[in-house]
Amino acid sequence: MAEEALTCPFCGAPYRAIIPAGTIQVKCDYCGATILVPPRLGGAVRQCPNHPDTLAVGLCNDCGQSYCTRCLYIFNVEGGKLHVCAKCYEKRRGMKTVWASILLIFSIALLLAIPFIIATPTPSPDTGGVLQMLFGAILLLTLSLVGFSAGKKMPPSVHDMLQQGGYEGHNPKSFLKKCVKCQKEIPIASEECPYCEAKQKGT
Ligand SMILES: [Zn+2]
Ligand SMILES: [Zn+2]
Ligand SMILES: [Zn+2]
Ligand SMILES: [Zn+2]
């Protein structure tokens, strides 16, 4: 019985639930990614639109297009991670740039207001207040610059991150076990070792 398990291409977790015939996509229980069921398990053959010779393995959480791991990026949101394509990544990052611009405008307004406050003859200028404003303006300016710089470079793709040994909280190592015979690391759901073909107990 060569029953091949489905492994999440994004986090390396095994997908253990039974996949009914005709199912084309499932959700990973570990990372929440939408995984395309590979053709060998009854899924449809879908090529990555950017890499026609590569099978698409997952969906962009925003636009629902299927892509390979080279074309998907991790976007951190409150309470989790999204897998998005380059286009949708840019769109989401664009929102960050909008916020950075708003902060920039505020900080400049604050800086411009300071000379007026100092120039006001009555009452005598409150140095503590002016320093606080200056500090606030510099803080806002720094935040906006951080926002702008974060909005420039594309991060490594899911593929690149996995090549570098996984990413935060999704290290495929936690879904590996040691073969009972040869002690090599194999996917936790495997019933047979891919190296020495030894049957694994207790799976
Ligand atoms: Zn996963
Ligand atoms: Zn997308
Ligand atoms: Zn691709
Ligand atoms: Zn083995």
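The values are calculated or read from the model by the stated rules, or taken from the named source; none is laboratory data. Only a predicted model underlies this, so the values are computations on that prediction, with no experimental measurement involved. Glycine also receives a Cβ, built like all others from the backbone with ideal geometry; neighbour counts cover every protein chain displayed. Side chains are part of the model used for accessible areas, which takes the heavy atoms of the whole protein and leaves out ligands, DNA and RNA. Shrake-Rupley method; radii C 1.70, N 1.55, O 1.52, S 1.80 Å.
Counting every alpha-carbon pair across segment 93-150, the share separated by more than 20 Å comes to 34%. The 1.4 Å probe gives accessible areas that order M154, M161, largest first, as M154, M161.
A Förster radius of 30 Å, combined with the Cβ-Cβ distance separating K96 from Q25, puts the computed FRET efficiency at roughly 0.55.
The string of couplings for segment 82-96 from the Karplus curve (6.51, -1.76, 1.60, θ = phi - 60°) is 10, 9, 10, 7, 4, 4, 6, 4, 4, 4, 5, 6, x, 4, 5 Hz, one whole number per residue in order, with x for Gly and Pro. Within the straight-line cut-off of under 18 Å between alpha carbons, the lysines reachable from K199 are K177, K178, K181, K184, sequence neighbours fewer than 8 places apart in one chain being disregarded.
Remark: segment 47-58, residue by residue, has Karplus-estimated 3J(HN,Hα) of 8, 5, x, 8, 10, x, 9, 10, 6, 6, 10, x Hz, where x stands for each Gly or Pro and the curve is 6.51 cos²θ - 1.76 cosθ + 1.60 at θ = phi - 60°. Put a dot 7 Å past the Cα of D126, heading toward its Cβ, do the same for D62, and the two dots end up 4.4 nm apart.
At the residue level, E185 shows approximately 80 square angstrom of accessible surface with a 1.4 angstrom probe and all protein chains present. Of the listed residues K81, K91, K96, the order by accessible area with a 1.4 Å probe, largest first, is K91, K96, K81. Rolling a 1.4 angstrom probe over segment 1-59 with all protein chains present gives an accessible area of which 54% lies on carbon and sulfur atoms. Quick note on segment 17-90: its Rg to Rh ratio, both from C-alpha atoms and Rh being the Kirkwood radius, is 0.98. Amide H contacts for Q47 (H built 1.01 Å from N in the peptide plane; partners 5 or more residues away or on another chain; cut-off under 5 Å): A56.
Seen from V180, the other residues with C-beta closer than 13 Å to its C-beta sum to a net charge of +2, counting Lys and Arg as +1 and Asp and Glu as -1. The L41 and L145 beta-carbon pair, evaluated with R₀ = 45 Å, returns a calculated FRET efficiency of approximately 0.40.
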